[in-house]
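This report refers to the structure that appears directly beneath it.
The values are calculated or read from the model by the stated rules, or taken from the named source; none is laboratory data. Fair warning: this is a prediction, and the values are worked out from it, not measured in the lab. Positions of Cβ are backbone-derived with ideal geometry, glycine not excepted, and every protein chain shown enters the neighbour counts.
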Amino acid sequence: MPVKIVVQDIKKTFRSDKGPLPVLEQLSFSVCDGELVAVVGPSGCGKTTLLNVIAGFDQPDQGLVTIDGAEKLEPSSQGILISQHGSVFPWLTVQQNLMFGLNGHADSDREKLADHYAAMVGLKGFETSYAHELSGGMLKRAELARALVVKPEILYMDEPFSALDALMNLRMRNELLRILSEERHTVVLVTHDVEEAIHLADRIMVLSSRPATLQAVFDVPFPHPRKLSSRGVQELKVAILRELGVDSDSA
Amino acid sequence: MQRLKRLLPSLTVMAVLIAAWWLVVVKTQSVIFPTPWQVVTGTGELMQNGVLWEHIGASLFRVGSGFLLAVAFAVPLGLWMGWVRGAFTTLNPIFQMLRPISPIAWIPIAILWFGVGNASPIFLIFISSIFPMVVQTTSGVHTIERRYLRAAANFGVSRATVFRRVVIPAALPQIIVGMRIGLGVAWLVVVAAEMIALRSGLGFLIIDSRNAGNRYDLVIAAMIIIGLIGLLLDGLMRLLEGLKAVQWRYAR
């Protein structure tokens with residue numbers, strides 16, 4: 001598979017009242033086209049900062065991020081960020097949200113595309129609903145559909161399902177896997193949930209505590225659908241948790 | 001029935017206050033201060049000879065004109081100040097300096113500039129309601145959650161589209177709050193202005209009723225009508241909060 005994203009020696013330090021706060025330190029890795037890479041690490045280690053830098057919302061102090069060989073300097077619809085807290089516009093209906101990023105299409109095409117993706121994520125019948133009329137899971141679906149409708153090459157997902165209850169979290173993971181089997185996207189998923197990472201990812205990168213460096217990389221060799229209770233998955237989970245400094249017996 | 005149950009405590013307190021007022025006037029045998037009933041008959045008198053409607057119309061015309069003029073200036077100005085940093089840093093100190101000046105303090109200047117007529121109170125209403133609306137609108141833009149602006153930027157839409165489809169609707173609930181405050185202040189100011197510089201309106205009715213033979217029944221009647229119209233105007237503004245486009249702000 002050709003390389004899609006290259007992160008090369010990036011370094012990021014924030015300025016604060018207490019002095020400089022180094023967050024990312026000499027991070028280098030690459031993501032192949034169509035690959036789903038999960039980034040896990042201790043809380044506050046800089047996972048979200050890393051995602052912001054890759055998505056072009058923030059610039060590294062040193063180093064380079066390239067997408068298809070071109071330097072990433074600003075966000076674009078080539079890669080859509082799905083944030084932890086959600087960003088579905090509450091003053092627009094589901095359909096209007098989905099149509100928001102569809103520039104250069106005729107109105108009728110925009111509506112058709114929006115309705116198609118609303119149906120794809122299971123929101124058929126809710127096209128005219130506003131955010132406050134939807135459940136947490138439905139909001140996540142709307143956010144996912146709004147990202148997919150512009151046909152991005154990359155999805156940047158920042159703990160997208162962390163606010164959902166365990167059951168809905170599991171449903172959304174399966175939903176994502178189903179969509180990714182229908183449409184090809186490169187995905188960078190930031191999560192603190194090791195099990196979620198193993199469930200979804202082709203490869204898992206473990207970051208160290210702040211300033212984040214790349215501590216370990218694990219391939220996830222299991223085919224989908226993955227049985228989370230299988231021995232192989234459990235062993236991988238233990239190994240990743242060990243890298244994160246967590247005693248697997250108490251995890 | 002449920003509504004009546006909710007209003008019952010307020011109605012009870014109101015009835016007790018009216019009864020106490022009546023009792024005090026009767027006990028003190030005041031010849032100037034009216035009983036509630038005299039206020040009712042005074043109101044009837046004003047309604048019958050048509051004077052009341054003329055005064056209400058005059059006050060509402062001034063408030064309507066000054067307020068709408070202020071909305072037309074304040075909302076675009078507030079949006080601009082909220083969206084363009086340079087506009088905010090340039091204009092905000094001026095607004096912050098002018099804002100604490102009581103609208104009443106502008107009366108001499110209003111008369112000097114516009115003379116005695118409708119233009120003066122309209123100017124006063126404009127000047128008094130523009131500040132809360134500018135401040136609220138600017139703050140509405142400044143407090144838009146970053147995640148929405150980032151999402152819009154992610155879809156690569158133009159800055160004009162972000163302004164039209166994100167900034168304005170996101171700030172709308174606060175714009176409405178500013179309009180409510182602005183209209184409330186406008187209603188306060190028109191009465192004060194009419195007391196000093198005009199020969200019509202509810203403020204003038206109060207002063208004229210006192211000057212023309214101590215008709216305190218009419219003074220109090222005008223005061224109550226001012227209160228009721230103020231309540232009505234606020235109710236009208238609150239209807240805007242029911243708009244589908246802003247309900248998200250009040251949900252959950």
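Quick notes on this one:
- Verdict on B:Trp53 being under 12 Å from B:Val135 (Cα atoms), without any contact (Cβ under 8 Å) to a residue 60 or more places away in the chain and not aliphatic (A, V, I, L, M): no
- Considered as a group, the residues in the stretch A:60-79 that are part of a loop (DSSP other than H, G, I, E, B) and more than 14 Å from chain B (Cβ to nearest Cβ) include one that is farthest from A:Ala142 (Cα to Cα), and that residue is A:Asp61.
- Any hit, the stretch B:38-59, residues being outside any helix (DSSP H, G or I), out of contact with any helix residue (DSSP H, G or I) (no Cβ under 9 Å at 6 or more places or on another chain), more than 29 Å from B:Ile125 (Cα to Cα) and not small (Gly, Ala, Ser): no
- For the stretch A:202-229, the set of residues classified as under 18 Å from the mean Cα position of the chain (by Cα) and of a type outside the set (A, V, I, L, M) consists of A:Asp202, A:Arg203, A:Phe218, A:Asp219, listed by residue number.
- Helices (runs of 4 or more DSSP H) wholly inside the stretch B:152-218 containing at least 1 residues that are in contact with a Leu (Cβ under 7 Å, 6 or more places away or on another chain) and closer than 30 Å to B:Val31 by Cβ: B:168-197, B:202-211
- Test for B:Ala170: is it touching a Pro at 6+ places or on another chain (Cβ under 8 Å), within 14 Å of chain A (Cβ to nearest Cβ), among the aliphatic types (A, V, I, L, M) and over 17 Å from B:Ala70 (Cβ atoms): no
- Residues considered: A:Leu200, A:Leu228. Of these, the only one that is surrounded by 14 or more Cβ atoms within 10 Å (Cβ to Cβ), modelled with pLDDT under 90 and closer than 18 Å to A:Ala166 by Cβ is A:Leu228.
- Residue that is nearest to the chain's Cα centre (by Cα), among those in the stretch B:73-125 that are of a type in the set (Val, Ile, Thr) and outside any helix (DSSP H, G or I): B:Ile101
- Among the criteria (1) hydrophobic (A, V, I, L, M, F, W, C); (2) closer than 30 Å to B:Gly156 by Cα; (3) in contact with a Gly (Cβ under 9 Å, 6 or more places away or on another chain), the one A:Val206 does not fulfil is (2).
- Which listed residue, of B:Ala19, B:Ala70, is part of a helix (DSSP H, G or I) and over 26 Å from the mean Cα position of the chain (by Cα): B:Ala19
- Selected residue (criterion: farthest from B:Ala186 (Cα to Cα)) from residues of the stretch B:206-252 that are away from chain A (no Cβ under 14 Å) and among the basic types (Lys, Arg): B:Arg215
One line per residue, one yes/no per condition, for (1) closer than 22 Å to B:Val185 by Cα; (2) not β-branched (Val, Ile, Thr):
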{"site": "B:Val40", "(1), (2)": "no, no"}
{"site": "B:Asn49", "(1), (2)": "no, yes"}
{"site": "B:Gly66", "(1), (2)": "yes, yes"}
{"site": "B:Val71", "(1), (2)": "yes, no"}
{"site": "B:Ala74", "(1), (2)": "yes, yes"}
{"site": "B:Arg85", "(1), (2)": "no, yes"}
{"site": "B:Phe88", "(1), (2)": "no, yes"}
{"site": "B:Gln96", "(1), (2)": "yes, yes"}
{"site": "B:Ser102", "(1), (2)": "yes, yes"}
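- Counted residues, the stretch B:237-252 - those being out of contact with any Pro (no Cβ under 9 Å at 6 or more places or on another chain) and exposed (fewer than 11 other Cβ atoms within 10 Å of the Cβ): 4
- Looking across the stretch A:50-63, the residues that are under 12 Å from A:Val7 (Cβ atoms) and surrounded by 21 or more Cβ atoms within 10 Å (Cβ to Cβ) come down to A:Leu50, A:Leu51, A:Val53, A:Ile54, A:Ala55, A:Pro60.
- Where helices (runs of 4 or more DSSP H) fall entirely within the stretch A:80-192, those with at least 2 residues that are small (Gly, Ala, Ser) and loosely packed, with under 15 Cβ neighbours inside 10 Å are at A:107-120, A:166-182.
- Scanning the stretch A:203-223 for residues that are out of contact with any helix residue (DSSP H, G or I) (no Cβ under 7 Å at 6 or more places or on another chain) and within 25 Å of A:Leu164 (Cβ to Cβ) yields A:Arg203, A:Met205.
- Considering (1) within 13 Å of another protein chain (Cβ to nearest Cβ); (2) within 30 Å of A:Gly104 (Cα to Cα), the lone condition that B:Ile175 does not fulfil carries the number (2).
- Residues of the stretch B:200-214 satisfying the condition of being among the hydrophobic types (A, V, I, L, M, F, W, C) and touching a residue at least 24 places away in the same chain (Cβ under 8 Å): B:Leu202, B:Phe204, B:Leu205
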